[in-house]
Every structure is written in structure tokens, then in C-alpha cells.
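For reference, the structure is listed below as C-alpha cells.
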């Protein structure tokens, strides 16, 4: 997989969003213990874009909504809501914040709103929504486990070198 920073097709789709102070500010928030929210959102956006491109899906909607799917400005471990859990609430917060930055197509809105499908009961209306949901889940696991897996790799390498 290419690097998102050198993929001109991808950058054409999201460069206006990446130029926004609100999107860049996501780097200030921890996401899955070992990553920040901007890095996570870029990973979800770009991985989803690459898969969507191979499958002939809407790459623009996937790239843009993937980048905006976690556009909220609070620490989800600290902030609590009366109306429900973070998993239930934050997609709606992200849609409201995204709509302040850019017009959203119905597909982009669905992708953002339904990216927590499974944790919520709202069914996705598009294949693109399911794709971003699955990539988001995958990326969360990778980000959470990456330091542990790197530690295990180092231990295995040390054991291999010892013999």
C-alpha cells in the first residue's frame, strides 16, 4: 500500500479537509491508547480509500468521510453523556462538526453516522459505510495492539539471536 502522503489522487480528495485547523487539531487527542485521533482518522480514510478503489466503490465519499468519522473534540474516556455512551453519541457529534466544515453527500453522512455499526443498531445504507466501519474496527485493534506486538517481535528476535 502506498503512503497517503505521496498518493496525489487521494490527496486531491482530502487536501481541503487536511488544511482545516479543526481536522489538524485531532492530533491533540489520544485515540486508541497508542495513537492520536488524526493519525487514526488518516489510517481509516486511506485504507478505506485503497480498498474502495480496488472494489470500484465511491473513493471520494470513503476518503472524506473516513477522515471525518471521528471529528469530535473531547477525550472520550473522560467526557460522559446523559443521552448514551460515547459509542452511541460520537458519530452524531462528528456529523455535526463535519457539516460545519464541508457539505456532506448522503453517502458521506451515512458513512460517518454508521461507522459504529455493531456497537449501535443503525444499519448502514451503503457498501462504503460497511467498508469504513470494518476498516475502523481493524485499525482500532492494530493501534491498540501494535506496541504489544512490537514487544513480542523484539522478544522473539532476541530468542532467535540467542540460539
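Worth a mention:
- Computed extension gain for residue 122 through residue 54, at 0.36 nm per residue and net of the alpha carbon distance, reaches 21.8 nm.
- Take the Cβ atoms of residue 157 and residue 9, set R0 to 30 Å, and the FRET efficiency comes out at 0.20.
Every read-out reported here was derived from the displayed coordinates using simple, explicitly stated rules and does not represent laboratory data. If you're wondering where the values come from, they're calculated on a predicted model, not measured in any experiment. For neighbour counting, all protein chains shown are included, and Cβ atoms are generated from backbone atoms with ideal geometry for every residue, glycine included.
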